[in-house]
Amino acid sequence: MASITHNLHQVRHQIREACERAGRPVDSVRLLAVSKTKPVSCIQEAVAADQWLFGENRVQEARLKIPQLALPKAAFHFVGPLQRNKVKEAVALFQMIESLDSLELAEEIQRRSPKAMPVLVQVNVGREPQKRGFLPEQLREALLVLAEMDKLQIKGLMTMHPLTDNGENSRPLFRHLADLAQEMKLLAIPGVEMEELSMGMSRDFTIAIQEGATLVRVASAIFGPPVQKNFLP
Ligand SMILES: *Cc1c(COP(=O)(O)O)cnc(C)c1O
């Protein structure tokens, strides 16, 4: 099996190539290594290969892993469904919440966070009933409400698109998210930034980069397939 170090080099190479093809500077895209279900030793291997930005999707898991790593230089983004009773802990553990998917969750962050928390607003561009996030037509109204909350630093948009075998199938959704971000930026809502677009996973991150992604969330192409059983430290 290929090593994490080898995989990281491969993914970085693909990111560089995609940036070149898209005429974008290579530092305009950040790689979020999604380490969910993987043990701390995998994160340490990635850090040794100079990867410092990670994604986790469960607070219960992150609360065990992040303190154990004790890496002040590492940053963690939350990318999963966030239960309201875990918000206080999440804002302490994570540097960004990429999955702000409801006004109720935003209100809880507003109540519980001691500091202004960087967030991305999750948009269900694929209109999948089982997926969370705001629908495109709800986004403007939502941003107007969210902009009033001083414990939220709105940095951009994120989407969890449907899984497909062919990455090209994702392209229209990525384009839709990028267009939405452009539209929202033109509204110039005070306190709302639209600099970050988190989209693209292992199968389609190069396509997401062509469509403007600034954060790509990659798990299996770096760490191998997910571990099915619940994480055990
Ligand atoms: C697991 C996960 C990813 C990455 O998945 P891969 O396809 O394995 O790269 C991206 N985003 C979120 C929210 C995830 O949970």
Checklist entry - Sorted by mean Cβ packing within 10 Å, highest first, what order do the peptides 210-216, 9-15, 49-55 take? => result 210-216, 49-55, 9-15
Checklist entry - Which percent of the Cα-Cα distances in the stretch 82-141 go past 16 Å? => result 42 percent
Item to check | Highest average packing first - 199-207, 68-76, 172-180, Cβ atoms within 10 Å | outcome: 199-207, 172-180, 68-76
Checklist entry - Rounded if a/c is under 1.5, else prolate if a/b beats b/c, else oblate: with a ≥ b ≥ c from the C-alpha gyration tensor eigenvalues square-rooted, which is the stretch 60-106? => result prolate
Checklist outcome for this item: Rounded to whole Å², per residue accessible area for the stretch 4-223 with a 1.4 Å probe reads 45 Å²
Item to check | Lys/Arg +1, Asp/Glu -1 at C-beta; the stretch 4-223 dipole; positive extreme among 145, 57, 125 | outcome: 57
Item to check | Fraction of accessible area attributable to carbon and sulfur, the stretch 4-223 (%, probe 1.4 Å) | outcome: 50 percent
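Expressed as a whole percent, how much of the Cα-Cα distance distribution for the stretch 4-223 exceeds 29 Å?
Cα-Cα pairs in the stretch 4-223 separated by more than 29 Å: 22 percent.
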Checklist entry - In the neighborhood of residue 9, defined by Cβ-to-Cβ distances under 13 Å, what is the net charge if each Lys or Arg adds +1 and each Asp or Glu adds -1? => result -1
Checklist outcome for this item: Expressed as a percent, the portion of alpha-carbon pairs in the stretch 117-233 spaced more than 21 Å apart is 40 percent
Checklist entry - Relative to the Cα centre, what is the charge dipole magnitude of the stretch 4-223, using +1 at the beta carbon of each Lys and Arg, -1 at the beta carbon of each Asp and Glu, and rounding to the nearest 20 debye? => result 580 debye
Next on the checklist: Less than 14 Å Cβ to Cβ from residue 40, Lys/Arg counted +1 and Asp/Glu -1: what total charge do the surrounding residues give?
Outcome noted: +1
Checklist entry - What is the Rg over Rh value, at two decimals, for the stretch 49-153, using alpha-carbon atoms and the Kirkwood definition of Rh? => result 0.98
Checklist entry - So what J values fall out for the stretch 37-50 if you push phi through Karplus, 6.51 cos²θ - 1.76 cosθ + 1.60 with θ = phi - 60°, rounded to Hz, Gly and Pro as x? => result 6, 9, x, 3, 4, 5, 5, 5, 5, 5, 4, 4, 8, 6
Checklist entry - What does the charge add up to near residue 112, with Lys and Arg as +1, Asp and Glu as -1, over the other residues with Cβ less than 12 Å from its Cβ? => result +3
Checklist outcome for this item: Filtered pair list for the chain (Lys only, Cα < 14 Å, 8 or more apart or interchain) has a length of 8
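The values are calculated or read from the model by the stated rules, or taken from the named source; none is laboratory data. Since the structure is predicted, the reported quantities are computational estimates derived from the model, not experimental observations. Don't worry about glycine lacking a Cβ; one is built from the backbone with ideal geometry, like all the others, and counts go over all protein chains shown. Please note that ligands, DNA and RNA were not included when accessible areas were found on the heavy atoms of the full protein model with its side chains. Shrake-Rupley method; radii C 1.70, N 1.55, O 1.52, S 1.80 Å.
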